[in-house]
Amino acid sequence: MAYKYPSEKIFVEALKSKFAGLDLADQKVKYVRAGYLQNARKREFQAAGERVAEKRGIKQYDVNVH
């Protein structure tokens, strides 16, 4: 591997020594892309928006826009 900078070689060697026994192929992670639902404050804002929309009769907050 050709390194562009001398410090890059030192960095890559340090990474290899630190993570030598780590095999990422064994790790399985499932990512759930929940959007605004993963944030309590945004869920609260959406619920408040729905209450306002019911009062006014028009939609106040579209979560897909933000």
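What follows is calculated from the coordinates using simple rules that are stated; it is not laboratory data. Fair warning: this is a prediction, and the values are worked out from it, not measured in the lab. Backbone-built Cβ (ideal geometry, glycine too); neighbour counts: all protein chains shown.
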Positive-end residue of Phe19, Gly49, Tyr36, charge dipole of segment 7-66 with Cβ unit charges: Gly49
Value of D in µm² per second that Stokes-Einstein yields for the chain, Kirkwood Rh from Cα pairs, at 37 °C (0.692 mPa s): 195
